[in-house]
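Okay, structure first, notes after.
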Amino acid sequence: MCADMQTAPNLMPIPGHVDPVPVPRPEPASADGRRSLVGLTRDQIRGELEGAGMEPKQAKLRAKQLWHWIYNRGATAFGTMTDIAKAQHPWLAERFTVDRPEVVEAQVSNDGTRKWLLRSTDGHDFEMVFIPDADRGTLCVSSQVGCTLNCRFCHTGTMRLVRNLTPGEIVGQVMLARDSLGEWPSQPEGRMLTNIVMMGMGEPLYNFDAVRDALAIVMDGDGLALSKRRITLSTSGVVPMMERAGKEIGVNLAVSLHAVTKDVRDEIVPINKKYGIEELLQACADYPGANNARRITFEYVMLKDKNDSDDDARELVRLIRKYKLPAKVNLIPFNPWPGAPYECSTPDRIRSFSNIVFEAGISAPVRTPRGRDIDAACGQLKTSAEKRSRAELDRLAEEKQAALG
Ligand code: SF4
């Protein structure tokens, strides 16, 4: 257990030989004590209404209406909910909110990538990134504030784990992106936000229940209505939770592989010391729902003279074949951050690696780095809160305001 974990409250055991991880706390109430309904299921909304004194039959009807307004129409205030009696709006607004996480900072890269620094009601900062492409738009969603896993190429891994995000904070990221893109109500056609990857800050399988519950709302046809085929959950290899992820969440799987030998993977992705490569690949072979139409993505960050030789590429092919994996490999040029212990492989090396994998009949595209100018690229998320205090951020906001005024 790492030093950060020793101080973490509310430890929950996860099946298998894995360290306990912090359980999500109940959704923190806003400063004025109102409860957010974002992230709640229909039954939970009904429970909240009844708990606040609403008569059960009415609570059932209102919960159905509220669900639709919150997740399908994207309502940000009770006053806009036209099929709920006007007289009831103040009653709801006094007790509940439909707030999203607060936006502390929003940045747009010169390649169109957007990054948001968000703040929870109890003052923790986390990030999400939107990556527009010609034929799709992908939202990279965070599951934790910080991370316990310390992958060595990853900037987030240098942060301590602060806490797990709640279902509301996870769904809230998707809703905020929809707000910003003007994509309400939920509709199947013509959206910019077409795909979601659970690949932001944190290890989603260490926050299993919250991620599952949030994605259930995202996939609900009368909720955010995104198909499970368009959602990918990325794990660094929490083997004991992978089967449950396939059965209970059912989205596409991506695995941060990044190395094919024990020594190198132990160094780059330290969870490998607990769940080795062979165990991980067997769990991939057993992942429910993986087939040639729904391949498992292996993420592979290209690190100069570390994991990028032709032999590494050949070993990768051997392993994929050995486990008969329906696989594709994403090659990610490393984005160095200040103090990073690695350099990016040369373009020639990356090409040679990609060719070997490709010639074996496995798709191995080289991912174009996106949002580098705003530190939004893969493995770079680390909140400015680590670098700037709240007071500094407030001062910067005041200065910005003064400059505009
Ligand atoms: S790559 Fe993912 S699991 Fe590894 S340290 Fe970074 S955020 Fe955590």
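The values are calculated or read from the model by the stated rules, or taken from the named source; none is laboratory data. Keep in mind it's a predicted model, so treat the numbers as computed, not measured. We place every Cβ from the backbone using ideal geometry, glycine too, and count neighbours over all the protein chains shown. Accessible surface is based on the protein model in full, side chains and every heavy atom, while ligands, DNA and RNA are left aside. Shrake-Rupley method; radii C 1.70, N 1.55, O 1.52, S 1.80 Å.
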Note to self: Can you say whether Ile196 is within 17 Å of Gly246 (Cα to Cα) and of a type in the set (Val, Ile, Thr), as far as the supplied structure shows?
What the structure shows: yes
Next item on the list: Tell me, please, whether a residue that is open to solvent by less than 20 Å² (accessible area, probe 1.4 Å), touching a Phe, Trp or Tyr at 6+ places or on another chain (Cβ under 7 Å), away from the ligand (no atom under 16 Å from the Cβ) and without any contact (Cβ under 8 Å) to a residue 40 or more places away in the chain can be found in region 66-82.
Entry: yes
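Kindly indicate which of Ser186, Ser120, Ser142, Ser109 is within 16 Å of the ligand (Cβ to nearest atom), of a type in the set (Gly, Ala, Ser) and not assigned by TED's automatic domain parsing to the domain that holds Arg73. Before you say what the answer is, go through the steps one by one.
Working: Ser186 fails: within 16 Å of the ligand (Cβ to nearest atom); Ser120 fails: within 16 Å of the ligand (Cβ to nearest atom); Ser109 fails: within 16 Å of the ligand (Cβ to nearest atom).
It is Ser142.
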Notebook entry, point to check: Out of all the residues in region 306-351, which are farther than 27 Å from Asn292 by Cβ and outside any loop (DSSP other than H, G, I, E, B)?
Noted result: Asp311, Pro333, Cys344, Pro347, Asp348, Arg349
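Which one of Val174, Val129 is in contact with a strand residue (DSSP E or B) (Cβ under 7 Å, 6 or more places away or on another chain) and part of a helix (DSSP H, G or I)?
Numbers: Val129 fails: part of a helix (DSSP H, G or I).
Answer to the selection: Val174.
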Next item on the list: Only residues in region 189-218 that are closer than 19 Å to Arg160 by Cα and modelled with pLDDT of 95 or more count as the first member; pair them with residues that are open to solvent by less than 20 Å² (accessible area, probe 1.4 Å) and away from the ligand (no atom under 16 Å from the Cβ), Cβ under 7 angstrom, at least 6 apart or cross-chain, and list the lot.
Entry: none
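Which ones in region 203-225 are assigned to a loop (DSSP other than H, G, I, E, B) and open to solvent by 20 Å² or more (accessible area, probe 1.4 Å)? Break it down into steps so the answer makes sense when it comes.
Pass one, region 203-225, residues assigned to a loop (DSSP other than H, G, I, E, B): 203, 220-225.
The answer is Asp220, Gly221, Asp222, Ala225.
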Note to self: Checking Tyr342 against (1) under 27 Å from Leu281 (Cβ atoms); (2) at pLDDT 95 or above; (3) among the hydroxyl-bearing types (Ser, Thr, Tyr): exactly one of these is not met. Which one?
What the structure shows: (2)
Check: Looking at (1) buried (at least 20 other Cβ atoms within 10 Å of the Cβ); (2) in contact (Cβ under 8 Å) with a residue 60 or more places away in the chain; (3) in a strand (DSSP E or B), which is the only condition Gln107 fails?
Finding: (1)
Next item on the list: Could you list all residues from region 123-139 that are open to solvent by 20 Å² or more (accessible area, probe 1.4 Å) and either within 11 Å of the ligand (Cβ to nearest atom) or of a type in the set (A, V, I, L, M) (or both)?
Entry: Ile131, Ala134
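Conditions tested, residue by residue: (1) of a type in the set (Gly, Ala, Ser); (2) within 12 Å of Gly223 (Cα to Cα); (3) not in a helix (DSSP H, G or I).
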| residue | (1), (2), (3) |
| --- | --- |
| Gly39 | yes, yes, yes |
| Ile45 | no, no, no |
| Leu49 | no, no, no |
| Ala63 | yes, no, no |
| His68 | no, yes, no |
| Tyr71 | no, yes, no |
| Gly74 | yes, yes, yes |
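Just to check your reading of the model, which residue among Ala87, Ala106 is in contact with a Leu (Cβ under 9 Å, 6 or more places away or on another chain) and among the small types (Gly, Ala, Ser)?
Ala106
I'm trying to understand the selection: among the residues of region 250-291, which are in a strand (DSSP E or B) and open to solvent by less than 10 Å² (accessible area, probe 1.4 Å)?
Leu253, Ala254, Val255
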Next item on the list: Could you identify the single residue in Asn207, Asn195 that is in contact with a Lys or Arg (Cβ under 6 Å, 6 or more places away or on another chain), closer than 23 Å to Thr297 by Cβ and not hydroxyl-bearing (Ser, Thr, Tyr)?
Entry: Asn195
Note to self: Looking only at residues that are within 22 Å of Phe334 (Cβ to Cβ) and open to solvent by less than 20 Å² (accessible area, probe 1.4 Å) in region 150-179, which one is farthest from the ligand (Cβ to nearest atom)?
What the structure shows: Met159
Notebook entry, point to check: Would it be correct to say that Met242 is open to solvent by less than 10 Å² (accessible area, probe 1.4 Å), among the aliphatic types (A, V, I, L, M) and assigned by TED's automatic domain parsing to the domain that holds Val301?
Noted result: yes
Check: Do the conditions hold for Gly289, that is, is it modelled with pLDDT under 95 and in contact with a helix residue (DSSP H, G or I) (Cβ under 7 Å, 6 or more places away or on another chain)?
Finding: yes
Notebook entry, point to check: For the subset of region 352-378 comprising residues that are assigned to a loop (DSSP other than H, G, I, E, B) and among the β-branched types (Val, Ile, Thr), which member is nearest to the chain's Cα centre (by Cα)?
Noted result: Thr368
Margin query: Within region 171-178, does at least one residue satisfy the condition of being within 27 Å of Ala327 (Cβ to Cβ) and more than 13 Å from the chain's Cα centre (by Cα)?
Written below: no
